[in-house]
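Visitor: I'd like to ask you about the structure that follows.
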Amino acid sequence: MKKSLISASIASVLTLASFGALADGPNFYGRLDLSVTNSDEGYTTQESKKGTILENNFSNLGVKGSEKIAEGFDVVYQMEFQVENTSSKGDVFKARNTFLGLKTVAGTALVGRNDTVFKQSEGSIDQFGNSNADIDRLVGGQTRSADGVWYYSPKIADLVTINATYLMTDNNQANVDNADDQYAISATLGDKKFKAQNYYVAAAYNKGIQSGGESIDAYRGVAQVKLGDFKIGGLFQQTELTSDSSVDGNTYFVNVAYNLNGVNLKAQYGKDEAGFGKYYKNAVGDQGRGTDINVQNITVGADYRVAKSTLVYGHYAMYEGDHKVGAAKVDLADDNVFTVGVRYDF
């Protein structure tokens, strides 16, 4: 009897060890990100509310992992959900990146819902990402799409990757001009995390994929470099409405971050002449799009990691602009946004 129990125990351990050697995960993870914000107009806050509010900045829960199914073939998977039970929104859960894929020496292919490779080309340039000062407040194309196929090449010469997103015709987006012609491609050079290289460069193209309810075509270039304790970066994008190429414009950002004894000091300037970002759309409201759009944004802030899991942060963002309605120049309402918050990862 004792020998049987010992044999069974050994077999169980060996089975678990064997599985552990073949699989990475499933790993459960999550983020709780809450902030207190005061905004003059609420054009850029998460729920577009002004005054002093509590913001839930994309808190989420997820599970991800991989498993080797044959030599050189790994199944990869992820299921992630945005959690809204700290806010007044009716939907507790919202879909985020959720996919099933296969990783081989020829690259990785995914099927499901994910950020487009156009959005992913930003690397780590978005110093105030997932907040009311995210770059999507000025620029279009920051899209998470469903019913799509993604491909990521292996690193060529340990430097360059070629990536693509293709959306199927059943992706259920309204106002898409051509459901058979929605894709994005990108090429990246270097390392966005600055571990293998101290620079990151990307070029990307978005064709017809919807952003903020509009189908757009866009080109984007991104560059960022780490010099000692400094990170300096910039983004340029040209965007046009797929159905009307005369509705177009340029958007760019430049920013700098400096690590001062663990305190990450950040400053960013943005200018938008295209009008596909959240600030412009909310500022014009029912008036509709004008011409000669001119929007400017300045954001300064800091963050500090008090523990590996916990980040405290604060920033001030100023948005202002104008456009023409007919022949008349019309000023848009300025929005001054003050935010302090805490992010906990587990």
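Visitor: Looking only at segment 272-288, filter to residues that are touching a residue at least 60 places away in the same chain (Cβ under 8 Å) and more than 21 Å from Asn38 (Cα to Cα); which one of those is surrounded by the fewest Cβ atoms within 10 Å (Cβ to Cβ)?
Guide: Looking at the filtered set, the residue picked out is Ala274.
Visitor: Keeping to segment 29-47, report how many residues are surrounded by 20 or more Cβ atoms within 10 Å (Cβ to Cβ) and among the acidic types (Asp, Glu).
Guide: Here the count works out to 2.
Visitor: Looking at Asn297, is it closer than 21 Å to Gly42 by Cα and in contact with a strand residue (DSSP E or B) (Cβ under 6 Å, 6 or more places away or on another chain)?
Guide: Here the answer is yes, as Asn297 does meet what is asked.
Visitor: Do you know which residues across segment 289-346 are surrounded by fewer than 16 Cβ atoms within 10 Å (Cβ to Cβ), over 27 Å from Asn259 (Cβ atoms), touching a residue at least 40 places away in the same chain (Cβ under 8 Å) and among the β-branched types (Val, Ile, Thr)?
Guide: Scanning segment 289-346 gives a single hit, Val330.
Visitor: State whether the residues of segment 262-278 include one that is among the aromatic types (Phe, Trp, Tyr), under 22 Å from Lys119 (Cα atoms), within 20 Å of the chain's Cα centre (by Cα) and at pLDDT 95 or above.
Guide: yes
Visitor: Can you pull out the residues in segment 68-87 that are assigned to a strand (DSSP E or B) and surrounded by fewer than 14 Cβ atoms within 10 Å (Cβ to Cβ)?
Guide: Those that are assigned to a strand (DSSP E or B) and surrounded by fewer than 14 Cβ atoms within 10 Å (Cβ to Cβ): Ile69, Ala70, Phe73.
Visitor: In segment 235-253, what residues are buried (at least 16 other Cβ atoms within 10 Å of the Cβ) and in a strand (DSSP E or B)?
Guide: Matches in segment 235-253: Leu235, Gln237, Gln238, Thr239, Glu240, Leu241, Val247, Asp248, Gly249, Thr251, Tyr252, Phe253.
Visitor: Still on this model: Among (1) aromatic (Phe, Trp, Tyr); (2) under 20 Å from Phe253 (Cβ atoms); (3) surrounded by 15 or more Cβ atoms within 10 Å (Cβ to Cβ), there is one condition Tyr152 misses while meeting the rest; what is its number?
Guide: Failed condition: (2).
Visitor: Any chance segment 48-61 includes a residue that's surrounded by 15 or more Cβ atoms within 10 Å (Cβ to Cβ) and within 24 Å of Pro154 (Cβ to Cβ)?
Guide: Scanning segment 48-61 turns up no residue that is surrounded by 15 or more Cβ atoms within 10 Å (Cβ to Cβ) and within 24 Å of Pro154 (Cβ to Cβ).
Visitor: Name the single residue, out of those in segment 98-120 being touching a Gly at 6+ places or on another chain (Cβ under 8 Å) and assigned to a loop (DSSP other than H, G, I, E, B), that is surrounded by the most Cβ atoms within 10 Å (Cβ to Cβ).
Guide: So the residue we want is Thr116.
Condition check ((1) within 22 Å of Lys281 (Cβ to Cβ); (2) modelled with pLDDT under 95) across all residues:
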| position | (1), (2) |
| --- | --- |
| Asn38 | yes, no |
| Thr44 | yes, no |
| Ser59 | no, no |
| Thr86 | no, yes |
| Thr108 | no, no |
| Gln120 | no, no |
| Phe128 | yes, no |
| Thr143 | yes, no |
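Visitor: Can you name the residue in segment 121-149 that is touching a residue at least 40 places away in the same chain (Cβ under 8 Å) and on the phi > 0 side of the Ramachandran plot and, of all such residues, is surrounded by the fewest Cβ atoms within 10 Å (Cβ to Cβ)?
Guide: For segment 121-149, the residue satisfying everything is Asn130.
Visitor: Let me ask something additional. Going through segment 51-67 one residue at a time, which ones are part of a strand (DSSP E or B) and of a type in the set (Gly, Ala, Ser)? Spell out how you get there, then give the answer.
Guide: Initial filter on segment 51-67 (part of a strand (DSSP E or B)): 51-56, 60-67.
Of everything in segment 51-67, those that are part of a strand (DSSP E or B) and of a type in the set (Gly, Ala, Ser) turn out to be Gly51, Gly62, Gly65, Ser66.
Visitor: Can you tell which of Gly123, Gly129, Gly90 is touching a strand residue (DSSP E or B) at 6+ places or on another chain (Cβ under 9 Å) and assigned to a loop (DSSP other than H, G, I, E, B)?
Guide: None of the other options fit; the residue is Gly123.
Visitor: If we scan segment 260-280, do we find a residue that is touching a His at 6+ places or on another chain (Cβ under 8 Å), in a strand (DSSP E or B) and at positive phi?
Guide: No, because not a single residue in segment 260-280 is touching a His at 6+ places or on another chain (Cβ under 8 Å), in a strand (DSSP E or B) and at positive phi.
Visitor: Being touching a residue at least 40 places away in the same chain (Cβ under 8 Å) and over 30 Å from Asp334 (Cα atoms) is the filter here; which residues of segment 84-106 pass it?
Guide: Ala95, Arg96, Asn97, Phe99, Gly101, Val105, Ala106
Visitor: Follow-up. Tell me, which residue of segment 28-42 that is of a type outside the set (A, V, I, L, M) and within 19 Å of the chain's Cα centre (by Cα) is farthest from Leu61 (Cα to Cα)?
Guide: Selected residue: Ser35.
The values are calculated or read from the model by the stated rules, or taken from the named source; none is laboratory data. If you're wondering where the values come from, they're calculated on a predicted model, not measured in any experiment. Cβ sites come from the backbone with ideal geometry, for glycine too, and all protein chains shown count toward neighbours.
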